[in-house]
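The values are calculated or read from the model by the stated rules, or taken from the named source; none is laboratory data. Nothing here was measured: the structure is a model prediction, and the numbers come from that model. Counting neighbours? That spans all protein chains shown, and the Cβs are built from the backbone with ideal geometry, glycine included. These area figures cover heavy atoms from the full protein model, side chains too; ligands, DNA and RNA do not enter into them. Shrake-Rupley method; radii C 1.70, N 1.55, O 1.52, S 1.80 Å.
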Amino acid sequence: MSLHPSRLVRSVTLALRRLGRNTAHGLGKVATPRAGRTVLAIAVLAAAGALVWSHPPLQTVARGEVGIRSNRFTGETSQWTAGPVLVLPGIHTLRQYNLRDQLYRPVSADGSAQFQSVEGLSVGVDVGVRYALDPRRLASLSQDMPGDIRQDIVQPAVQGVVYKTFTRYTVREIFSSKRGEIQQLIEAELKPKLAADGILLRSVEIGKVDLPADYKRGMERLLSEELESEKMRYTLELKGKRVQEAALDADAERVRREKSAEAAGSEQVIAAKAQEEAMRHVLPFKQKQIEQRQLEAEADKVSRIRTAEGSAAARRIEAQGEADSRQKLADAEAYRLDRVGKITSEQMARDGALVTRHPLLIQKIMADKLSDKIQVIIAAPPTDGGFIGSALLGAGKNGNPAAPEMDSAEAADKGAE
């Protein structure tokens, strides 16, 4: 337990005085005024030492906290962050505040957070309020800040808002459908209240909701039925939207087909116009092509006629040349035949004359004609002095040649060999 500095100095002074009186009384009547001043100085020094020991001039502000130093005489305040702070005993006072986020959960006297609903039922709701001190306003509000901020500021503000808010809703709404709305209302109402006292509201969290067992089972069944109803409603809405989607798709398809048909018709019209425009240029071009082809055909005709005429003339010239050549060849052949006939006649005349002079030469010639392999023929000369070969030729006595006999010829061949 710490004493006020002035009281401490006063207590030390009185104790030293009593010590001085006891000392003077013990020494008898030898004490002097100088000895009294010495004792007083010692007492003052001792009081100052005790004061410094009990209230050190240097204090430390922890990390995550802020220190507000106040001057007792001038009322001036200054704010200090983490680190040492000079605090003169008897002059300055230093108060430290935690700047970290803090969580407050409203709890009733029995240890549970029971709230009343609009039906008057008690509902256990896990409510958490996260807050922090505003460092920008601590210097100005530190003089008026209570010692326990949680108990003196946060708790009354939270309970005043939270209990009032829950009484506006039914248990069913608190349990299921209105949690977000309740949380937003509490934050909207609680935030300016805490801000007026230099406290920043971070968030309000609503957790588990405890209901009476019977009510909870009924609520769960009701919620289950409602969920089924909601599910059916969403299913019907989904099917309805699917029907609408199909109708919209059909309309879109119809419009798309109409647009496609219109586009195709427009495209055909444009193509026809383009073709018509093109035909204006194509027809003269085709006409010119026809004229060109006619001219080309006439030119080809003339060229072919000229070529045929040239070919006919060439053929006539060639035929004339061929006729002339053949005539000359015929003349040459006739001349040759004439010459050959003449020579042959002359040769036959010479042969006749020779045969006339030498009749046996006929036999030799005949033998030469029979075969080039026959060198010698031995035959009896005809008795009538006729042709020696008449026997070989089978001629009869009447002078008619007989049919050749193969045996005689073969014999003649063999004899010749």
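Computed values, structure above
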item: Cross-link reach list, lysines versus K369, counting only Cα pairs under 28 Å and skipping chain neighbours closer than eight places; result: K342, K397, K414
item: Under 30 Å from the Cα of K239 - lysines, other chains or at least 8 residues apart; result: K178, K231, K259
item: Reference-scaled alpha-carbon Rg (2.2 N^0.38 Å with N residues) for the stretch 148-256; result: 1.73
item: Kirkwood-based shape ratio for the stretch 122-169, expressed as Rg/Rh from alpha carbons; result: 1.09
item: Proximal aspartates and glutamates relative to K208, as straight alpha-carbon distance under 13 Å, when same-chain residues fewer than 8 apart are discounted; result: D126
item: Label-point gap, in nm, between K164 and R105 - each point 7 angstrom along Cα→Cβ; result: 2.6 nm
item: Burial ranking of peptide ranges 344-352, 174-182 (average Cβ count within 10 Å, highest at the top); result: 174-182, 344-352
item: Segment D368-I91, extension gain: residue separation times 0.36 nm, minus the distance between their alpha carbons; result: 81.4 nm
item: Rg over Rh, two decimals, the stretch 309-353 (C-alpha only, Kirkwood Rh); result: 1.46
item: Equivalent ellipsoid dimensions for the stretch 151-198 as semi-axes, Å, which come from the Cα gyration tensor, largest first; result: 23, 11, 6
item: Förster radius 30 Å - calculated FRET efficiency between H358 and A330 (Cβ-Cβ, nearest 0.05); result: 0.15
item: ³J(HN,Hα) computed for each position of the stretch 322-331 - Karplus, 6.51 cos²θ - 1.76 cosθ + 1.60, integer Hz, glycine/proline x; result: 5, 5, 4, 5, 5, 4, 5, 5, 5, 4
item: Under-5 Å amide H pairs with D210, H placed in peptide plane, nonlocal only; result: G124, V125, D126
item: Cα convex hull of the stretch 72-224, projected area averaged across orientations, nm²; result: 11.2 nm²
item: Computed over the stretch 197-338, the ratio Rg/Rh where both radii use C-alpha atoms and Rh is Kirkwood; result: 1.85
item: For the stretch 283-360: accessible area per residue (Å², 1.4 Å); result: 88 Å²
